[in-house]
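Worksheet: one structure, shown below.
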Amino acid sequence: MGKFTAIPQSTFEELQLDAGVILKNFTPATPTAPKDEDIVCATTGGINVSCVPTYSDMGEDVDNCPVNMMELKHLDGWDCKMAFTSLGTSTESIRLALGAADIDTTDRSKITPRRDLKQTDFADLWWVGDRADGGMVAICLKNALSTGGFTLQTTKNGKGQVSVELTGHVSMSAQDEMPMEFYSAAPAEVGG
């Protein structure tokens, strides 16, 4: 065996296992098993979370300047998303997938898309998963709003599936706060 054929000793402990769960509320400092009312919906096929920076090369139009000179690189922002396939067709799940929509106050089974956005359409959502050592990994998508719209796929003898794509947004009241936060903790760090 070669001297570079090795893995870190912490590999097993830091593995993230299973699909995890999408939650409305979660406190990383005191993680507990989720309450049923905090689970957004059942999912299938796993959850895809991405946080991708966008950059500008301020030297791209400067004569004789090499491409990607680090001193002239500018971070424009972060494109933070959470995508999953929902098996839920509750009114709240459908409203979440639509984004700008309302649940009727008199007929609670009716959801209607709306022309305008409201600040209440944005909400923090969490993905939380288990680590192999009994700890947790958590990601908060801040000011999440559906940007993928509503798509229902049905199949013969199968379950209906709703594709959901949520995008995190920066708030005018906290412009230096990016729309995603990450947590990873061993069991001892989260109270066992």
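Would you tally the residues in the range 122-141 being in contact with a helix residue (DSSP H, G or I) (Cβ under 7 Å, 6 or more places away or on another chain) and part of a loop (DSSP other than H, G, I, E, B)? Show your work before the answer.
Going through the range 122-141, the residues in contact with a helix residue (DSSP H, G or I) (Cβ under 7 Å, 6 or more places away or on another chain) turn out to be 133-136.
With part of a loop (DSSP other than H, G, I, E, B) added as a condition, the list becomes 133-135.
The qualifying residues number 3.
Check Gly59, Gly77, Gly2, Gly45 and return the single one that is over 26 Å from Pro187 (Cα atoms) and touching a Cys at 6+ places or on another chain (Cβ under 7 Å). Before you say what the answer is, go through the steps one by one.
Working: Gly77 fails: touching a Cys at 6+ places or on another chain (Cβ under 7 Å); Gly2 fails: touching a Cys at 6+ places or on another chain (Cβ under 7 Å); Gly45 fails: touching a Cys at 6+ places or on another chain (Cβ under 7 Å).
None of the others qualify; the one that does is Gly59.
Yes or no: Phe84 in contact with a strand residue (DSSP E or B) (Cβ under 9 Å, 6 or more places away or on another chain), more than 20 Å from Ala42 (Cα to Cα) and of a type in the set (Phe, Trp, Tyr)? Even if it seems obvious, please write down each step before you answer.
Working: in contact with a strand residue (DSSP E or B) (Cβ under 9 Å, 6 or more places away or on another chain): yes; more than 20 Å from Ala42 (Cα to Cα): no; of a type in the set (Phe, Trp, Tyr): yes.
No; evaluated as a whole, the condition is false for this residue.
Evaluate the range 110-121: report whether one residue or more is in a strand (DSSP E or B), more than 24 Å from Thr27 (Cβ to Cβ) and of a type in the set (A, V, I, L, M).
Residues of the range 110-121 in a strand (DSSP E or B): 111-113.
With the extra rule that they be more than 24 Å from Thr27 (Cβ to Cβ), the set shrinks to 111-113.
So of that shortlist, the ones also of a type in the set (A, V, I, L, M) come out as 111.
Yes: the range 110-121 contains one or more residues that are in a strand (DSSP E or B), more than 24 Å from Thr27 (Cβ to Cβ) and of a type in the set (A, V, I, L, M).
Hey, among the residues in the range 42-55 that are farther than 16 Å from Leu141 by Cα and either in contact (Cβ under 8 Å) with a residue 40 or more places away in the chain or touching a helix residue (DSSP H, G or I) at 6+ places or on another chain (Cβ under 8 Å) (or both), which one's most open to solvent (accessible area, probe 1.4 Å)? Even if it seems obvious, please write down each step before you answer.
The first filter runs over the range 42-55 and keeps only residues farther than 16 Å from Leu141 by Cα, leaving 42-46, 54-55.
Filter once more, keeping what is either in contact (Cβ under 8 Å) with a residue 40 or more places away in the chain or touching a helix residue (DSSP H, G or I) at 6+ places or on another chain (Cβ under 8 Å) (or both): 42-45.
Details: Ala42: 61, Thr43: 40, Thr44: 47, Gly45: 85 Å².
Restricting to residues being farther than 16 Å from Leu141 by Cα and either in contact (Cβ under 8 Å) with a residue 40 or more places away in the chain or touching a helix residue (DSSP H, G or I) at 6+ places or on another chain (Cβ under 8 Å) (or both), the top hit is Gly45.
Would you check which residues across the range 56-103 are closer than 30 Å to Val128 by Cβ, in a strand (DSSP E or B), open to solvent by 40 Å² or more (accessible area, probe 1.4 Å) and of a type outside the set (D, E, K, R) and list them?
First, the residues of the range 56-103 that are closer than 30 Å to Val128 by Cβ: 75-103.
Remaining after also requiring in a strand (DSSP E or B): 75-86, 101-103.
Going one step further and asking which of them are open to solvent by 40 Å² or more (accessible area, probe 1.4 Å), we end up with 75-76, 78-79, 81, 102.
Answer for the range 56-103, where residues must be closer than 30 Å to Val128 by Cβ, in a strand (DSSP E or B), open to solvent by 40 Å² or more (accessible area, probe 1.4 Å) and of a type outside the set (D, E, K, R): Leu75, Trp78.
Only one of (1) touching a Lys or Arg at 6+ places or on another chain (Cβ under 6 Å); (2) open to solvent by 60 Å² or more (accessible area, probe 1.4 Å); (3) not acidic (Asp, Glu) fails for Met1. Which number is that?
(1)
Contact list please: Cβ distance under 7 Å, first residue in the range 114-125 and under 16 Å from Phe150 (Cβ atoms), second residue surrounded by 10 or more Cβ atoms within 10 Å (Cβ to Cβ), pairs at least six apart or on different chains.
Listed pairs, sorted by first residue: Arg114/Ala100; Arg114/Ala101; Arg114/Asp102; Leu117/Ala100; Asp121/Gly99; Asp121/Ala100; Asp121/Leu145.
Could you count how many residues in the range 38-73 are closer than 30 Å to Ala123 by Cβ and either of a type outside the set (Asp, Glu) or modelled with pLDDT under 95 (or both)?
Start the filter on the range 38-73 by keeping residues that are closer than 30 Å to Ala123 by Cβ, which leaves 38-55.
Going one step further and asking which of them are either of a type outside the set (Asp, Glu) or modelled with pLDDT under 95 (or both), we end up with 39-55.
The qualifying residues number 17.
The values are calculated or read from the model by the stated rules, or taken from the named source; none is laboratory data. As the structure is a computational prediction, the values presented were derived from the model and not from experiment. No Cβ is skipped: glycine too gets one built from the backbone with ideal geometry, and neighbour counts run over all protein chains shown. Accessible surface is based on the protein model in full, side chains and every heavy atom, while ligands, DNA and RNA are left aside. Shrake-Rupley method; radii C 1.70, N 1.55, O 1.52, S 1.80 Å.
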